[in-house]
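Have a look at the structure below before the remarks.
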Amino acid sequence: MNWRLFLLIAACIATIFAILVVGGFPAGQVLLDLLNGSVGSLKVFSKTLREMTPLLIAGTAVFVALRAGLFNIGVEGQFTMGAMGCAAVAIWIPNWFGVLCGALAGIILGALWAFPAAWIRAYRNGHEVITTIMLNNIAGFLTTALVVGPLKDPFRENATTAAIPIMFPNIFSTPTLGQNGKPDGTFEITIGLVVGITLATLLWFWLKRTVAGYELEAVGANPSAAEMAGIAVRRVTVKAMLSSGGIAGLAGALQVLVLEGRFYKDFSQGYGFDSLGVALLAGGNPLALIPSALAFGIIKKGASSITVMHSVPKGITLVILGLMIVVFAAIRYRKHMGRAVA
Amino acid sequence: MNEFITLLGGTLTLSAPLILAAMGGLVSERSGIINIALEGKMLIAAVAVWLIGAKTGNPYLGLAAGVGAASLFSLIHWLLTQKYAFDHIVSGMAVNALAFGGSNFLDKRYTDPSQVSFAKFDSWLYWIVAIGLPICLWLYLRRTRGGLRLMAVGNDPEKSRQMGVFPLRIRLVSLLATGVFCGVAGSLIVSNAGSFNDGMTSGKGFIALAALIVGGWRPIPALIACLLFGMLQQVQIQFQGEAIAGVMVPNWVWLSLPYFATIVALAGFLGRDRTPKGLGKP
Amino acid sequence: MEAGFAVTMEGITKRFGPVVALDEVTLKVRKGTIHALVGENGAGKTTLMKILYGAYPATEGQYQIFEETAKFKNSAEAIQTGIGMVSQHYSIIGELTCLENLMLGAESSWLIPQSASIQLAEKLAAQMGFEFDWGALASGLSPAGAQKLEILKLLWRNSQIMILDEPTAMLTPQDSDALYASLKTLVKQGATVIVVTHRLPEVIEHCDQVTVLRGGKLVANEPVDPGETDLPARLAELIVGRAIAFPELSKREPGERLLTAEKICVRGSRGEISVRAASFSLCAGEIVGLAGVDGSGQRELFAALYGTQPIVSGLVDFLGEQLASTTKERLRNGLKWIPEDRHRQALIEDWTLDDNAALGMHCAPPFAENGHINRAGRRQAASEIASLFATKFGALSDPIASLSGGNQQRFVNARTLFSKPRVILAFQPARGLDIDATRAFYAELSKAVEEGATALVVSFDLDELIQYTDRILVMSLGELYETGQSRNRTEIGKLMVGAA
């Protein structure tokens, strides 16, 4: 292993320890409880899977764009718009049709929210990162305005929509037993998780086995060679970005349809950032999105449980995630370091 | 008349941190580093000023701590982008995450529950710096050796290297300058607010980036864009719920205007493309 | 000529990994002379100069500048010692003004004195008889203007030793002559000039001494005697290492017309017209060479035929119909190409040989059917492609970046021939290939045209075209000339430089 990479990883781990030790927390115990609180029992693992689901789907969204050479920082906004659109539709239709319409609305709004970035990138040569950052902010203002205004449930204090009439039921659910042998919760597998795993698998198949997937990866790997090979680079760019937005929108919609049952202010809890990490960690293989999202789910769930158990401020989660991104990026990009300049 | 003075004062208050951060963005982007971490750098500076300003009771030390914290994060940013050759976007996001998480951690863990205020400077001092800085930077870029080399590196690092200019060094200096400017900006934000809140920069770093882009990466136009964006916010606060020029503009549209303007600018509808050519290149 | 040596390099060896780029090379350059460094592409000329300029460290060997031992860690140190280099592609930054480019890296002080700088710049320009609008952006300069600015940059830095890498590659003949006139002025004033080139007429006409490199080794170092009549032939032999034998004219008879271009105009990257009303036709059964100095419009002509650049005016007829508008359709109809830049245009370096084999033909059998990739077919095709020119590789599932440049080129050439094209557009297909591999490529190309295809080949090596093609077109400053079946090197050479 390259010594610089080693130094970086060591520095990241040392930083986490140092923050905890200097902050006066029992570092070893805290990190142990981070694992205990996320994979320690079936009950908490069920929560970890819940945490993992939006990360997996949104991570898939980032991944699609990344394979086409695009950084979709806009997942945050597309996710939020998708969730809002889904709730706005689904609350009015009290049957299964409403659930489907909600999911569809989520996909459409997500894709719509990615469109300006896609178009500007493909036809006006403007950086998609900057446009998506701007669109994220607009999405935040817009959805907030809607949820304190026309979409607000008049019977509630908070800025939230009414609950949707029908949610997706769990696919599998069983009570979990606590230490005293009595039921203390449930272990659930939601339809969201199944959708996520299916999407990642389909994406793998699509990228590796179809001409369209081949073209998308060619555009991401070398746009000028792709152009010379007769691939319509701009069209592929737009399609990739719209698919990415649509998947991000679907992630938001499923969050409403499966887990939350409504849309509220500040709906996304930093999913845009986390999903980028998930996609980076997965590298070039869509199937790797599944363990990658699980790893992020473990950290997120575990970190939230240590903030309760040890009253470590919740900022620690982001610090750990930030350092994880640094480490993953270092591992993924190591071949670019110290390459002979000849 | 009174309304006008309120508008002017409010505009200056709201624009000053934008200007400082935009100038921070300007020096790093002009040297070729895509900087989406302005937000994080201001935030970490704000918490440092809040904590050290209260602990020492000395505004100078408080400001120094803020500048130091933001510069430290800039140094990390430099290491990641230049020494480790990370993607600039990934590095920027990592720096932001560390700053958001770190500032929350520091605030929650180290703030004395009885603390209500901290040692700070008057706002007008910051205003002078904020208006003066773009002019100084404009002169610096056009009239000095350092400025010329900075622009050269940002436009074509490879050719600059051939001319005996070291991109890594220039970018280190640029990023440290970004740290200093963002440090001052963060210090101003926390001084205006009077106390630290989680995520209190509330997108100012991105508005500053927006102003920088709308201003075509040039100091004076970026200054004007910041003033304009600051005024938009002030108008929104001042005339909330009132019709402006006979039109009732929804709040969220008003708040989103800077972002809309940036998207339009990036689509190439506001003059020619002025993006530094070496942005993101090793 | 009793002045001392400006540069003495002894026993210079440079390795890039296992590749030996330079092997114990010695170079001695006298003060106040124009010294030519010649050799084929890849002979090690540029590498040697980059070592002298501090851009690379030498693996072994030492060098003295003005008889003092030096060891540069970077270019800045070389510049300090009085060495200046103008690289082939210039180091002028378009977004800065001419004055800023002039000063960059050698500003007189921390604060730039605007008027004093302009005065000095004017003085230097006057000294050389040049004129510049100092406040204008450098992106507006013509190639000749850029070259002039590069020379002023050397003067600004008080360079005593000036290295020019292929200085005339992008220049018209008139501009080239003007350049050498300026260089002679500089030499009279005491400067030392090293010119890296592969154009012998320049060497013979303008240089005092010539050093020849071949395959990273020194093969000759002698004064230039313009009176020696067979000097060009002798130097040419030293460069390529054998007497160039021109083969018999081909006996192929051209068949039906496959592609006809009528008065097409194409714009270059700066929006200028780079191809002026070019008309030509390619017939089945012939290989047509396209000769010309680099930058005469060949690139733009090819881009227009690929479909990556629009044709401003004129018509192209392909197999009796108007040429399709998209790149994809052109490829499907049997127009195939070997692009110039392997890394950027022809291959995806991170991808496997397998994946790269399909590039450009990925929609059709044997690579895919109905939108689905046929993995077995693709593997079979990839192995056929790799074996055509005996590409050396580890496994078909290795990234193509693991192949050497020459092997990548073999793969690209073979891929194009594999697709059974009707018209082949090849831009420098022999780049990075040794003589045997070049011969093998042209043999396969001949086979393809004899089976009814046609080919248009660009090469900057005129001898390659004379040797292997049936007919040569010449491009000069965007204009296309027919030479018929002429094999007269001088005649074609004159057309290339616009002297005919």
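The values are calculated or read from the model by the stated rules, or taken from the named source; none is laboratory data. Only a predicted model underlies this, so the values are computations on that prediction, with no experimental measurement involved. Using ideal geometry, Cβ is built from the backbone for each residue, glycine included, and neighbour counts are taken over all protein chains shown.
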Exercise for the section: Name, by its number, the condition in (1) free of Cβ contacts under 8 Å to residues at least 24 places away in the same chain; (2) closer than 24 Å to C:Ile51 by Cβ that does not hold for C:Asp177. Expected result: (2)
Problem - Matching residues in the stretch A:1-26 - criterion: being assigned to a loop (DSSP other than H, G, I, E, B) and either over 17 Å from A:Val312 (Cβ atoms) or aromatic (Phe, Trp, Tyr) (or both) - result: A:Met1, A:Asn2, A:Phe25
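Every residue, every condition in (1) free of Cβ contacts under 8 Å to residues at least 12 places away in the same chain; (2) out of contact with any Lys or Arg (no Cβ under 8 Å at 6 or more places or on another chain); (3) over 13 Å from B:Met93 (Cα atoms), yes or no:
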position	(1), (2), (3)
A:Phe273	no, yes, no
A:Thr307	yes, no, yes
A:Thr317	no, no, yes
A:Leu321	no, no, no
A:Ile325	no, yes, no
Completion exercise
If you go through A:Gly270, A:Gly277, the only one that is crowded, with 24+ Cβ neighbours inside 10 Å and within 12 Å of chain B (Cβ to nearest Cβ) is A:Gly277
Practice task
Output the residues belonging to the stretch B:165-214 that are buried (at least 20 other Cβ atoms within 10 Å of the Cβ), closer than 30 Å to C:Gly82 by Cα and not aliphatic (A, V, I, L, M).
Solution key: B:Pro167, B:Arg171, B:Ser174
Problem - In the stretch A:154-194, residue surrounded by the fewest Cβ atoms within 10 Å (Cβ to Cβ) [restricted to those that are free of Cβ contacts under 8 Å to residues at least 40 places away in the same chain and charged (D, E, K, R)] - result: A:Glu157
Exercise for the section: Please work out which residue is farthest from the other protein chains (Cβ to nearest Cβ), limiting yourself to the stretch A:201-239 and to residues that are touching a helix residue (DSSP H, G or I) at 6+ places or on another chain (Cβ under 6 Å) and of a type in the set (Phe, Trp, Tyr). Expected result: A:Trp204
Completion exercise
Among helices (runs of 4 or more DSSP H) entirely inside the stretch C:370-478, those with 2 or more residues being closer than 30 Å to C:Ala233 by Cα are C:405-418, C:435-450, C:462-468
Handout entry: A:Thr237 being polar (S, T, N, Q), under 25 Å from B:Val95 (Cα atoms), assigned to a helix (DSSP H, G or I) and in contact with a Lys or Arg (Cβ under 7 Å, 6 or more places away or on another chain)
Key = no
Handout entry: Residue among C:Ile424, C:Ile400 that alone is crowded, with 21+ Cβ neighbours inside 10 Å, at pLDDT 95 or above and not charged (D, E, K, R)
Key = C:Ile424
Problem - Residue that is at pLDDT 90 or above and more than 23 Å from C:Ala146 (Cβ to Cβ), where the choices are C:Lys123, C:Lys50, C:Lys28 - result: C:Lys28
Exercise for the section: With the condition kept exactly as written, say whether any residue in the stretch A:27-37 is at pLDDT below 95, within 13 Å of chain B (Cβ to nearest Cβ) and not in a helix (DSSP H, G or I). Expected result: no
Exercise for the section: Please work out if B:Asp107 is more than 19 Å from the chain's Cα centre (by Cα), in contact (Cβ under 8 Å) with a residue 24 or more places away in the chain and in a helix (DSSP H, G or I). Expected result: yes
Exercise for the section: Residues that are touching an Asp or Glu at 6+ places or on another chain (Cβ under 8 Å) and surrounded by fewer than 21 Cβ atoms within 10 Å (Cβ to Cβ): find the helices (runs of 4 or more DSSP H) completely inside the stretch C:98-204 holding 1 or more of those. Expected result: C:114-128, C:143-156, C:173-188
Fill in the blank from the handout: Here the residues within the stretch C:37-92 that are part of a loop (DSSP other than H, G, I, E, B), at the interface with another protein chain (Cβ under 9 Å from one of its Cβ atoms), under 21 Å from C:Pro167 (Cβ atoms) and among the polar types (S, T, N, Q) are C:Ser87, C:Ser91
Fill in the blank from the handout: Residues in the stretch B:132-178 that are facing another protein chain (nearest Cβ under 10 Å) and of a type in the set (Gly, Ala, Ser) total 6
Handout entry: the stretch C:327-374 - residue that is more than 7 Å from chain A (Cβ to nearest Cβ) and polar (S, T, N, Q) and, of those, surrounded by the most Cβ atoms within 10 Å (Cβ to Cβ)
Key = C:Asn356
Practice task
Answer yes or no: is there a residue in the stretch B:81-100 that is more than 10 Å from chain A (Cβ to nearest Cβ) and within 27 Å of A:Ile73 (Cα to Cα).
Solution key: yes
